[in-house]
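Peer 1: Sharing a structure here in structure tokens format.
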Amino acid sequence: TTGSAKCQNIWIDHCTFDNNLSPIANPSASVKDKYDGLLDIKKNSEYITISWCVFKNRYKGILVGYTATDTYDRKITMHHNSFINISSRTPSFRGGTAHIYNNYWEGSYDSSTHKYFSTGVNCRESACLYVESNYFKNMNKTVYCAIEDVTVEGYAFYQNNKFENSNSETVNTCNSFTPPYTVSIDDASDIPSIVTQYA
């Protein structure tokens with residue numbers, strides 16, 4: 001949005017966002033911040049679904065809320081997306097609520113340190129995210145709050161996520177948000193093949 005602070009009822013479906021970069025661990029600010037996120041959501045935009053999309057080869061994926069005070073409840077659903085070779089912000093979520101289910105993450109590898117370093121769902125500024133039945137592969141962090149980076153802690157309710165060479169969830173839990181709809185949830189173990197084939 002440019003001239004308005006609010007957009008409503010947005011569906012982003014079957015898109016590929018690819019910056020053709022190979023992230024490294026601990027880059028300089030000039031490298032990491034050369035471009036902003038692949039898909040950033042801010043201000044009072046609301047009722048947004050991101051589905052069956054591919055995000056890859058980038059330092060920053062999705063930022064929701066552009067400052068610590070931009071915490072509007074945007075009511076976002078993210079499902080059946082893949083995040084491949086992205087360093088962080090998949091998503092970084094300030095305030096509000098979201099349903100994040102049946103997504104696939106595959107982290108970045110730094111050959112100089114021989115470590116995977118990508119991070120997943122970053123819960124910030126009182127966000128309460130419902131994170132279920134996702135698949136995380138080769139991720140340094142999965143569902144977490146970088147407490148040293150926030151003014152107010154963020155939270156998530158999480159269940160049935162699957163981890164391959166990845167750390168499990170570390171964020172503190174919340175239970176104040178339940179999605180106002182019913183969906184069919186795929187088993188997390190099937191997500192790599194389903195999302196790779198159809199996203």
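The values are calculated or read from the model by the stated rules, or taken from the named source; none is laboratory data. Note that the structure is predicted; figures quoted are calculated from it, not measured. Here the Cβ positions follow ideal geometry from the backbone for every residue, glycine too, while neighbour counts run over all protein chains shown. The accessibility values were calculated without ligands, DNA or RNA, using every heavy atom of the protein model including side chains. Shrake-Rupley method; radii C 1.70, N 1.55, O 1.52, S 1.80 Å.
Peer 1: Restricting to region 53-68, give me the number of residues that are outside any strand (DSSP E or B) and either free of Cβ contacts under 8 Å to residues at least 40 places away in the same chain or surrounded by 18 or more Cβ atoms within 10 Å (Cβ to Cβ) (or both).
Peer 2: Selection size over region 53-68: 5.
Peer 1: Where residues in region 69-81 are under 13 Å from the mean Cα position of the chain (by Cα) and surrounded by fewer than 24 Cβ atoms within 10 Å (Cβ to Cβ), which of them is farthest from Tyr155 (Cα to Cα)?
Peer 2: His80
Peer 1: Is at least one residue of region 180-187 aromatic (Phe, Trp, Tyr) and under 16 Å from the mean Cα position of the chain (by Cα)? Give the derivation first.
Peer 2: Taking region 180-187 and keeping what is aromatic (Phe, Trp, Tyr), we get 181.
Among the residues that remain, those that are also under 16 Å from the mean Cα position of the chain (by Cα) are: none.
The answer is no; no qualifying residue exists.
Peer 1: When you check Lys43 against the structure, is it open to solvent by 20 Å² or more (accessible area, probe 1.4 Å), of a type outside the set (Ser, Thr, Tyr) and in contact with a Phe, Trp or Tyr (Cβ under 6 Å, 6 or more places away or on another chain), yes or no?
Peer 2: Here the answer is no, as Lys43 does not meet what is asked.
Peer 1: Right, here's the next one. Do the conditions hold for Ser118, that is, is it open to solvent by less than 60 Å² (accessible area, probe 1.4 Å), over 30 Å from Thr69 (Cβ atoms) and of a type in the set (Gly, Ala, Ser)? Quick ask: steps written out before the conclusion?
Peer 2: Numbers: open to solvent by less than 60 Å² (accessible area, probe 1.4 Å): yes; over 30 Å from Thr69 (Cβ atoms): no; of a type in the set (Gly, Ala, Ser): yes.
The answer is no for Ser118.
Peer 1: Among what's in region 145-164 and is surrounded by fewer than 17 Cβ atoms within 10 Å (Cβ to Cβ) and in contact with a helix residue (DSSP H, G or I) (Cβ under 8 Å, 6 or more places away or on another chain), pick the residue that is farthest from Phe93 (Cα to Cα).
Peer 2: The extreme case among them is Asn160.
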